[in-house]
Amino acid sequence: MAYFTHKRLSLLLISLLLQSTCFAVYALDIPADNEQAEDIPQKINGFLHRLFHRDQVQNITKNQSPKTPRVAVNIDINNSALKKLIINHLPLITQQLVEELDDEQISFLAEEAPQQTQTMLETEGYFNAKVSIEKQANSYIIHITLGPRTKIENVNVALDGSVTSDDDLTNYYKNAIDNWVLPVGDPFTQSNWSASKSSVLTAIVRKKYPLATIKSSRATIDPKKNLADLALTVDSKQPIYFGDIHVTGAQRYPVSIITGMADFAPGSPYDLDKLLDYQQALEQDSHYSNAVVQADFDNMENDHVPVLVKISEMKKQKLTFGLRYDSKNGPGFRGGYDYYDLFHKGFVGSTLLDTDRYETTFGLGISQPRNSRGHFWTSNLNYTHSTVQHLKSHALTSGIWYVRDRNGIDSRLGLEYITENSKIEDGPDLGHSYATMLTASWKRQNIETQLRPANGYYFEGKVGSTLGKLASSASMQRIWANAGYYYTPENKKYGTWLLRGQLGYVHTGDTINVPTNLMFRAGGANSVRGYELDSIGLKSLNDSVLPNRALAVASVEYQIPVYKDFSLALFHDAGSVSKRFSNTNWYQGTGLGLRWFSPVAPFAFDIAYGHHDEKWRWSINLGTKF
């Protein structure tokens with residue numbers, strides 16, 4: 001007769017419940033899984049609760065130092081992934097990491113270990129594995145012989161409900177299967193089976209049928225043949241359409257700004273992607289600091305779902321200013337004022353003053369609210385006075401652009417006008433030049449973090465042309481591009497690579513009458529280090545440097561982490577400014593620097609050797625210029 005203590009008997013009863021629970025979860029025929037259980041908070045105390053609620057225990061103890069197992073457990077298996085799975089989830093191991101167990105508790109867990117291991121192996125497709133446990137002096141060895149792995153023989157995905165009579169049924173089937181991760185011939189795993197079911201359901205609920213549910217799902221396993229048949233049926237329910245848009249939080253600006261950004265109308269089919277795009281458009285608009293968009297399924301009427309929009313508004317007026325310092329430009333100031341409700345229509349009016357040692361700019365601008373596609377009109381007028389490399393310039397620029405700003409991409413078509421007077425300091429007057437140009441530009445920035453760029457890229461390009469000499473002092477075509485790429489390996493101790501480059505060219509037969517700020521110079525902290533700002537160009541009278549028609553700049557930099565937010569930078573830059581690319585003359589700079597990724601902005605200190613004039617120059621720069 002077997003003798004059981006009260007504790008032993010309780011553990012045995014719980015073991016039987018555990019086995020039945022495991023059988024329900026990993027049964028060979030898995031039933032539909034569209035029922036949800038209520039979340040009931042439970043107290044966490046004692047060995048049994050820790051055994052049955054391991055996820056809760058792991059969440060609570062994840063920040064605690066793990067205990068050292070009193071009894072070692074070795075897993076004898078020739079598969080590192082499965083070995084890791086068992087080590088991370090087998091109670092005989094995990095319970096020793098979170099609490100002290102006595103001999104009786106360890107003995108109980110050891111008895112259950114083979115069955116629990118078998119259950120875990122079945123979730124990975126091994127339904128014929130042989131598992132045994134061997135007790136040694138002060139340890140256990142779990143021996144595992146895997147056997148053949150079960151593979152998928154048949155997959156049957158069916159759609160039911162109103163979608164079967166939808167004109168777009170073929171695309172629904174295609175979208176449902178596109179992300180299926182268990183094709184015929186692949187090994188069966190419980191995680192991929194769950195992911196496949198979720199992907200099919202998601203494909204249906206995203207458009208027109210948000211109430212769709214899994215009607216039935218079944219994985220039938222044949223352990224003798226090591227084959228699995230998968231069957232899934234999704235019930236689409238009835239089609240759902242958008243209802244009215246209900247806005248809360250709008251006090252300062254017209255509600256029409258908000259409703260005008262929606263790329264759908266009441267009565268159009270429900271589309272989750274359009275709701276997400278709508279929320280993103282609101283968040284990117286300058287009138288609002290935050291936005292939440294959601295479908296109100298609790299208040300549907302006649303299969304029409306209201307759309308709830310909750311926004312937080314920016315104040316009508318914003319005053320900003322900032323100080324900066326650059327070793328060549330010296331101290332700088334930038335101040336701006338924005339008013340967000342011109343004409344009581346939500347138009348944005350802006351003023352800007354930006355000044356440093358060499359250049360001062362004053363500007364005025366006005367923009368209309370963006371529409372549902374992220375499109376809007378904008379216009380500005382700027383006056384700039386600059387003296388760089390003994391070239392003095394007074395320029396007035398203006399333009400009007402049609403902008404599309406969506407999904408991180410700024411693209412615009414415009415008409416621009418520039419008029420300029422320039423002269424060499426203490427030298428001849430270069431005269432008056434002007435240009436009226438049709439322009440197109442495209443800008444995309446995809447950087448993980450701007451405070452510490454690690455991975456990603458940025459690109460900006462612009463083309464423009466005059467219409468002959470119409471309202472222009474010369475006929476010209478201009479192209480310019482600026483790009484950079486950051487790469488950091490997964491192991492960040494190996495540092496970050498930065499590649500960047502610029503290209504520009506002005507095609508004209510009358511260089512003298514082209515405004516100087518439409519042409520190019522190079523050199524400086526954000527160009528070719530080791531040279532003064534804009535010192536690479538066409539050498540002229542009184543040590544002046546004039547811009548020229550062709551620009552090329554390339555740079556490679558390697559940032560090596562040295563301590564927390566500090567990195568050492570090694571770099572090599574090269575740049576050329578010439579009349580045409582066929583006669584480029586490269587100026588090269590090589591150096592090292594220190595990077596401090598402060599909470600405010602990246603700080604850079606560089607020392608570079610200019611190979612052309614054989615001089616060392618240093619520079620300080622605050623901020624990352626994309």
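Values computed for the structure shown
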read-out: Residue ID - surrounded by the fewest Cβ atoms within 10 Å (Cβ to Cβ), chosen from residues in the range 203-253 that are over 30 Å from P187 (Cβ atoms) and among the hydroxyl-bearing types (S, T, Y); value: T248
read-out: Of all residues making up the range 420-446, the number that are crowded, with 17+ Cβ neighbours inside 10 Å, touching a residue at least 40 places away in the same chain (Cβ under 8 Å) and not aromatic (F, W, Y); value: 7
read-out: Candidate set from the range 324-341 (those that are open to solvent by 50 Å² or more (accessible area, probe 1.4 Å) and part of a strand (DSSP E or B)); member that is modelled with the lowest pLDDT; value: Y325
read-out: Members of the range 127-164 that are open to solvent by less than 20 Å² (accessible area, probe 1.4 Å) and over 26 Å from R70 (Cβ atoms); value: A129, T150, I152, L159, V163
read-out: Qualifying residues in the range 282-308 (those that are touching a Leu at 6+ places or on another chain (Cβ under 8 Å) and in contact (Cβ under 8 Å) with a residue 40 or more places away in the chain) - the one nearest to Y340 (Cα to Cα); value: V307
read-out: Tabulated pairs, the range 259-281, first part of a helix (DSSP H, G or I), second among the aliphatic types (A, V, I, L, M) and open to solvent by 50 Å² or more (accessible area, probe 1.4 Å), C-beta under 8 angstrom, 6+ apart or interchain; value: Q279/V292
read-out: From T387, T361, residue being of a type in the set (V, I, T), in a strand (DSSP E or B) and surrounded by fewer than 16 Cβ atoms within 10 Å (Cβ to Cβ); value: T387
read-out: Scope the range 342-353; condition open to solvent by 30 Å² or more (accessible area, probe 1.4 Å) and in a strand (DSSP E or B); matching residues; value: L342, F347, S350, T351, L352, L353
read-out: Selection status of T449, assigned to a loop (DSSP other than H, G, I, E, B) and among the β-branched types (V, I, T); value: yes
read-out: Residues within the range 485-514 that are within 20 Å of the chain's Cα centre (by Cα), at pLDDT 95 or above and assigned to a helix (DSSP H, G or I), tallied; value: 0
read-out: G185 being surrounded by fewer than 18 Cβ atoms within 10 Å (Cβ to Cβ) and small (G, A, S); value: yes
read-out: In the range 452-469, residue most open to solvent (accessible area, probe 1.4 Å) [restricted to those that are hydrophobic (A, V, I, L, M, F, W, C) and outside any strand (DSSP E or B)]; value: L467
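Okay, residues lined up against (1) more than 37 Å from the chain's Cα centre (by Cα); (2) under 30 Å from H390 (Cα atoms):
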{"residue": "G537", "(1), (2)": "yes, yes"}
{"residue": "D543", "(1), (2)": "yes, yes"}
{"residue": "Y558", "(1), (2)": "no, no"}
{"residue": "Y563", "(1), (2)": "no, no"}
{"residue": "H572", "(1), (2)": "no, yes"}
{"residue": "S576", "(1), (2)": "no, yes"}
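The values are calculated or read from the model by the stated rules, or taken from the named source; none is laboratory data. Model, not experiment: these values are computed from the prediction. Glycine gets a Cβ as well: all are built from the backbone with ideal geometry, and neighbour counts include every protein chain shown. Only protein heavy atoms, including side chains, enter the accessible area calculation; ligands, DNA and RNA are left aside. Shrake-Rupley method; radii C 1.70, N 1.55, O 1.52, S 1.80 Å.
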